[in-house]
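Any read-out appearing in this document is the output of simple, stated calculations on the displayed coordinates, not a laboratory observation. Keep in mind that what you see is a predicted model, and the values were worked out from it rather than measured. Glycine also receives a Cβ, built like all others from the backbone with ideal geometry; neighbour counts cover every protein chain displayed.
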Amino acid sequence: MQRVFSAAQPTGTPHLGNYLGFLKQAVELQESYDCIYSIVDLHALTVPRDPDVLRNDILGVAALYLACGLDPKKSILFVQSDVKEHAELCWLLNTLTKISELKLMHQFKEKSKEHPESINMGLFDYPVLMAADILLYNTDLVPIGEDQKQHVELTREIARRWNMRFGQTFTLPKAHIAKTGARIMSLLDPAKKMAKSASSAQSYVSLLDDAHTVRQKIKRAVTDSGSEITLSPAKPALSNLLAIYHLLSNKTFVELEARYKGRGYGEFKSDLAEVVVAFLSPIQERYTALLKKPKKLHEMLSDGAARARIIAVSTMKKVRANIGIGI
Ligand code: ATP
Ligand code: LTN
């Protein structure tokens, strides 16, 4: 069975973009792949974090992912720092990665613009740690949003280089990117991706937003000129809302265009808000119930780490022998 690996940072509450670009795929792939998912706390430290907030976010993200359908009986779910091999492999891969390659990474360029006062080595090395995450598990497929594609390409390049130098060791992973939903845009600016780090919370729908907040955010979402409901590059803001509607309702774009023919943006947006509310409400109920049992969540994560560690240790045995360290 082919192996799937992916991960997300415990940085605040995931939004609809994280769900549609990544989590939805992750849940679906559980049915036919051997899936491993990680909460990458070491990556989250590349921007300054309060320790108590980080601790809370790790458990919160775990609960939310389970509430969205990740199932520890079908997949391994674990916290990155619980498996020390990630940091060790990152160091070894660093020795094969060029500074000039890391300087090209879009995410590094953007994040260093956002936090010019704290461009640290971790932020620069972030893609190499991500490569280590993926390569430790002989991964075939990596479900991700469009923004992470460049990092998976770099991972393939590092793996290729290692295999050339030391012999076949790592599987070359492929990015698995959804046809629709891989880049959900901000509700306030269709030229920017929906992001947790955005300056205004109005630009995204968090998976934990209550019904009132969802209705109000969608009502205030920007739209394009004209009043027709059609999917078109000339209507980027509306097309983004249509994509969200399509993915959450399973109605095709053609069905949606027909349904709203001759009706205005107002009616379309208010229906979309109800679709989002109906989608989020059972997730939020499951999330609240899961968070009431933190001990169970910790046990599930520690069981996940134990299962992940077995694979990671076995990969590292090969890697250490390859490079000439250890006994
Ligand atoms: P943000 O940019 O909002 O802080 P992130 O990429 O840092 O998000 P993660 O939780 O680590 O946050 O991302 C999890 C997954 O969500 C990744 O695979 C990423 O590609 C995907 N993703 C993030 N934003 C979007 C978006 N706007 N549309 C689709 N997928 C997205
Ligand atoms: N870089 C990703 C998170 C991430 C990841 C990974 C994704 C870290 N390690 C391994 C897929 C596979 C992000 O910023 N969203």
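Looking at the square roots a ≥ b ≥ c of the eigenvalues of the Cα gyration tensor of region 247-316, which shape do they give, rounded for a/c under 1.5, prolate if a/b is larger than b/c, or oblate?
On the way: a/c = 6.31, a/b = 2.28, b/c = 2.77.
In terms of gyration-tensor shape, oblate.
Multiplying the sequence separation of SER225 and ASP71 by 0.36 nm and subtracting their Cα-Cα distance, what value in nm do you get?
On the way: separation 154, 0.36 × 154 = 55.44 nm, distance 4.33 nm.
Going from the current span to full extension adds 51.1 nm.
If you take the Cα centroid of region 24-89 and the Cα centroid of region 93-138, the two points sit 19 Å apart. The modelled label-to-label distance between PHE253 and ASP189, using points 7 Å beyond Cα along the C-beta direction, is 2.5 nm.
Determine, from the Cβ-Cβ distance of ILE325 and ARG286 and an R0 of 41 Å, the FRET efficiency 1/(1 + (r/R0)^6), rounded to the nearest 0.05. Approximately 0.35, to the nearest 0.05. Kindly express, to the nearest 10 degrees and within the range 0 to 90, the angle between helix 236-249's C-alpha long axis and the longest C-alpha principal axis of the chain. Computed tilt is about 80 degrees.
Here region 39-182 is treated with +1 on each Lys and Arg Cβ and -1 on each Asp and Glu Cβ, and its dipole about the Cα centre works out to around 540 debye. Fully extending the segment from ARG165 to SER200, taken as 0.36 nm per residue of separation minus the present Cα-Cα distance, adds 7.9 nm.
Could you size up the charge dipole of the chain around its Cα centre, putting +1 on the beta carbon of Lys and Arg and -1 on that of Asp and Glu, and report it in debye to the nearest 20? I would put it at about 400 debye. Placing pseudo-labels 7 Å out from each Cα toward the beta carbon at GLU110 and GLU153 gives an inter-label distance of 1.5 nm.
Taken along its principal axes, the alpha carbon cloud of region 1-156 reaches lengths of 40, 34, 28 Å, longest axis first.
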